[in-house]
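Note sheet for the following structure.
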Amino acid sequence: MKFDVLTLFPEMFEPLNQSIIGRAVKEKLIEINLINIRDFSKDKHKKVDDTPYGGGSGMVMKADVIYEAYKSIRNKKAKVIYMSPQGKVLNQNKVVELSKEKHLIILCGHYEGIDQRVIDKIVDEEISIGDYVLTGGELPAMVLIDSVSRYIEGVLSENSTTEESFSQGILEYPQYTRPEIFEGVKIPEILQSGHHENINKWRRCEALKNTYYKRPELLENVKLSEEDKKYLENISKNKN
Ligand code: 4G3
């Protein structure tokens, strides 16, 4: 997977050189190519923004400079994504869908936004990471790159995306590791039983309990087995 990122602040992407994503880059499982939009300003002062037509506060990023930056990397096969609070809100299903692309071009805006004409000309999809406003699209772009890269073959250890939160539409079961007793609190006894079928059932029930209490709205859009429904009945009766 190749990510081209059009940004005024390529230095902000330094965190992607760390940990799992950093290793994926070094192993060439993914490629992150940062393009500094400012390099494409033809102005002697390297101007990239201007005041809005019609008046108002703030600055707007210039269409011509962004278009020159885009032309330096343009590729018919790539999907162009604009990170914006006005986009469709990202979720795990969208992340999986994007992970099947070969090449993503991500446009990061700053200031009050970007001249609408270049958005209309080059952008395929507008995506938001949530209903709040940030100073720029760089953090959202990093969120997108991280979440999508986890689904690229070899980036994570086997199975780790199939069982986790959201992959089945519900939250995760709680995890425990040594020590066996922490501040007087023992781990749940079943986890030392060695009975894997019962452990799996217990974990499923805990995952449903977590979801019921923390994110009940997720249960409306998920297919539940008859056993799941029995667990949930008990949870709602507070028997667990
Ligand atoms: C465009 C994305 C970009 C218009 C970008 C502000 C939040 C998100 C920007 C605009 C952003 C998000 C830059 N803030 N929720 N800021 O994904 O008004």
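The values are calculated or read from the model by the stated rules, or taken from the named source; none is laboratory data. Here the structure is a predicted model, which is why all the values come from computation and not from measurement. Counting neighbours? That spans all protein chains shown, and the Cβs are built from the backbone with ideal geometry, glycine included. Ligands, DNA and RNA are stripped out before the accessible areas are found, and what is left, the full protein with its side chains, is counted by its heavy atoms. Shrake-Rupley method; radii C 1.70, N 1.55, O 1.52, S 1.80 Å.
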> Counting just the residues of segment 206-218 that are in contact with a helix residue (DSSP H, G or I) (Cβ under 6 Å, 6 or more places away or on another chain) and within 24 Å of I190 (Cβ to Cβ), which one comes out most open to solvent (accessible area, probe 1.4 Å)?
Replying inline: Y212
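Output the residues belonging to segment 50-63 that are on the phi < 0 side of the Ramachandran plot and either more than 28 Å from the chain's Cα centre (by Cα) or of a type in the set (K, R) (or both). Reasoning before the result, please.
Filtering segment 50-63 down to residues on the phi < 0 side of the Ramachandran plot leaves 50-53, 57, 59-63.
D50, T51, P52, Y53, S57, K62 - these are the residues of segment 50-63 that are on the phi < 0 side of the Ramachandran plot and either more than 28 Å from the chain's Cα centre (by Cα) or of a type in the set (K, R) (or both).
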> Looking only at segment 60-86, which residues are closer than 21 Å to T135 by Cβ and loosely packed, with under 15 Cβ neighbours inside 10 Å?
Replying inline: Q86
>> Quick check on my filter: what residues within segment 39-59 are surrounded by 15 or more Cβ atoms within 10 Å (Cβ to Cβ) and in a helix (DSSP H, G or I)?
In response: F40
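Name the residues in segment 157-170 that are open to solvent by less than 40 Å² (accessible area, probe 1.4 Å) and on the phi < 0 side of the Ramachandran plot, would you? Full working, then the answer.
Of segment 157-170, the ones open to solvent by less than 40 Å² (accessible area, probe 1.4 Å) are 161, 164-165, 169-170.
Hits for segment 157-170 are T161, E164, S165, I170.
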>> Here's a check for you: in segment 198-237, which residue that is among the basic types (K, R) and within 26 Å of the chain's Cα centre (by Cα) is nearest to P174 (Cα to Cα)?
In response: R203
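When the residues of segment 131-156 are narrowed to those that are within 12 Å of the ligand (Cβ to nearest atom) and within 18 Å of E97 (Cβ to Cβ), which ends up most open to solvent (accessible area, probe 1.4 Å)?
So, considering only residues that are within 12 Å of the ligand (Cβ to nearest atom) and within 18 Å of E97 (Cβ to Cβ), the one most open to solvent (accessible area, probe 1.4 Å) is V143.
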> In segment 119-166, what residues are among the small types (G, A, S) and part of a strand (DSSP E or B)?
Replying inline: S128, G136
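Residue-by-condition table, conditions (1) closer than 19 Å to K42 by Cα; (2) within 11 Å of the ligand (Cβ to nearest atom):
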position: K76; (1), (2): no, no
position: M83; (1), (2): no, yes
position: K88; (1), (2): no, yes
position: L98; (1), (2): no, no
position: L104; (1), (2): no, no
position: I114; (1), (2): yes, yes
position: I119; (1), (2): no, yes
